[in-house]
Amino acid sequence: MPPADGVGVKSAPSRERVDKAGIGFVEFIILVALLNSVVALAIDIMLPALPQIGESLSVTRANDRQAIIVSFALGFGLTQILFGPISDRFGRRAILLPSLAFYALCAFAAAFVDSFITLLILRVAHGVGASAVRIVTMAIIRDCFGGREMSRVMSYVFSIFMIVPIIAPSLGQGFMLVGTWHWIFVFLGIFGGVLLIWTYFRLGETLPKKARRPLSFVAVTEAFGTILSSRLSVGYGVASMLCYAGLYAYITNAQQIFDTIYGLALWFAPLFGATAGFMAVFSILNGRIVRRTGMRMISHWSMII
């Protein structure tokens with residue numbers, strides 16, 4: 001079944017091509033999934049290292065270590081509203097490429113800090129870069145697909161994306177075994193740099209100039225008005241917000257709960273990854289059935305369950 005916006009695709013996923021992006025379907029899914037993963041990786045890889053970072057930077061209260069996660073989430077959450085309208089005006093690549101570079105630079109800079117306050121400031125900035133990458137990546141998917149086809153693509157993207165929270169804590173724990181927490185940030189910088197090069201050479205501009213919206217108060221207000229006037233958009237938006245609130249509450253406190261309450265610090269990485277593994281399995285199942293049953297039935301029953 002062709003996407004809602006008319007992008008032609010063949011029946012076999014391995015032979016499909018995303019014409020607007022200028023690359024094959026499989027490469028598109030993998031690249032977009034990795035671009036989406038910059039947020040989860042920057043959070044989950046950090047969890048096993050929180051005690052060591054706190055000790056290294058003289059953080060006396062255990063609860064204060066969670067600010068390393070919260071500061072990133074604040075930078076990520078508070079700036080998302082900006083990058084959609086900006087990318088609608090200037091195009092996807094014009095925002096995505098500098099954002100990846102900024103993400104990588106913030107990670108490299110954080111590897112050399114000697115102050116907890118400085119680290120938190122860089123984490124906020126790091127979250128801003130990740131926010132731009134995430135928002136523009138979602139816009140790219142929307143440029144290329146629509147309706148149930150978009151839901152199918154998102155399920156495949158999410159399935160690959162979920163590999164990150166499965167392996168990220170183990171990666172962080174591995175860096176702690178062979179080195180120090182500083183190497184975690186070096187790895188994040190390298191990861192961002194690789195994505196920057198890959199995107200620059202392989203991913204085309206998906207928003208043609210004739211489809212771009214002016215960056216003005218009136219245009220932005222009209223766009224948000226369209227969204228807020230839709231009962232479905234508002235309803236699903238609120239539901240999504242509440243789901244993510246629960247998820248971030250769990251992520252922020254997970255390391256302390258596993259370690260302090262249950263004494264399972266050594267088991268934290270595999271147990272945390274197991275949770276993400278179940279999410280990945282059901283996301284794959286969703287990708288197989290969503291085209292037959294539709295998005296509303298799956299989402300509504302999932303929320304009820």
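So the values come out like this:
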| quantity | calculated |
| --- | --- |
| Answer from Phe83, Phe76 - the residue that is among the aromatic types (Phe, Trp, Tyr), out of contact with any Leu (no Cβ under 8 Å at 6 or more places or on another chain) and farther than 17 Å from Thr206 by Cβ | Phe76 |
| Residue that is nearest to the chain's Cα centre (by Cα) [pool: residues in the stretch 207-240 that are within 30 Å of Ser302 (Cα to Cα) and among the aromatic types (Phe, Trp, Tyr)] | Tyr236 |
| Breaking point among (1) at pLDDT 85 or above; (2) out of contact with any Leu (no Cβ under 6 Å at 6 or more places or on another chain); (3) surrounded by 11 or more Cβ atoms within 10 Å (Cβ to Cβ), for Phe258 | (2) |
| Selection status of Leu215, closer than 21 Å to Thr137 by Cα and either touching a Pro at 6+ places or on another chain (Cβ under 8 Å) or exposed (fewer than 12 other Cβ atoms within 10 Å of the Cβ) (or both) | yes |
| Subset of the stretch 294-305 (residues that are under 19 Å from Val157 (Cβ atoms) and either modelled with pLDDT of 80 or more or surrounded by fewer than 12 Cβ atoms within 10 Å (Cβ to Cβ) (or both)) | Ile298, Ser299, Ser302 |
| Close pairs from the stretch 228-257: first farther than 28 Å from Met46 by Cα, partner assigned to a helix (DSSP H, G or I), Cβ under 6 Å, at least 6 apart | Ser233/Ile227 |
| From Ala94, Ala132, residue being closer than 24 Å to Phe224 by Cβ, without any contact (Cβ under 8 Å) to a residue 60 or more places away in the chain, aliphatic (A, V, I, L, M) and surrounded by 23 or more Cβ atoms within 10 Å (Cβ to Cβ) | Ala132 |
| All positions within the stretch 7-57 that are among the hydroxyl-bearing types (Ser, Thr, Tyr) and either surrounded by 21 or more Cβ atoms within 10 Å (Cβ to Cβ) or modelled with pLDDT under 90 (or both) | Ser11, Ser14, Ser37 |
| The stretch 139-160, residues that are within 20 Å of Ile284 (Cβ to Cβ) and hydrophobic (A, V, I, L, M, F, W, C) | Ile141, Phe145, Met150, Val153, Met154, Val157, Phe158, Ile160 |
| Residue check, Tyr103 within 30 Å of Ile298 (Cα to Cα), aromatic (Phe, Trp, Tyr) and surrounded by 19 or more Cβ atoms within 10 Å (Cβ to Cβ) | no |
| Odd one out for Gly179, checked against (1) under 28 Å from Ser115 (Cα atoms); (2) touching a residue at least 60 places away in the same chain (Cβ under 8 Å); (3) not aromatic (Phe, Trp, Tyr) | (2) |
| Criterion: surrounded by fewer than 20 Cβ atoms within 10 Å (Cβ to Cβ) and over 14 Å from the mean Cα position of the chain (by Cα) - qualifying residue of Gln80, Gln66 | Gln66 |
| Extreme residue, surrounded by the fewest Cβ atoms within 10 Å (Cβ to Cβ), among residues of the stretch 148-187 that are assigned to a helix (DSSP H, G or I) and of a type in the set (Phe, Trp, Tyr) | Trp183 |
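The values are calculated or read from the model by the stated rules, or taken from the named source; none is laboratory data. Everything quoted here is computed from the prediction, not taken from an experiment. Every residue, glycine as well, gets a Cβ built from its backbone with ideal geometry; the counts of neighbours run over all protein chains shown.
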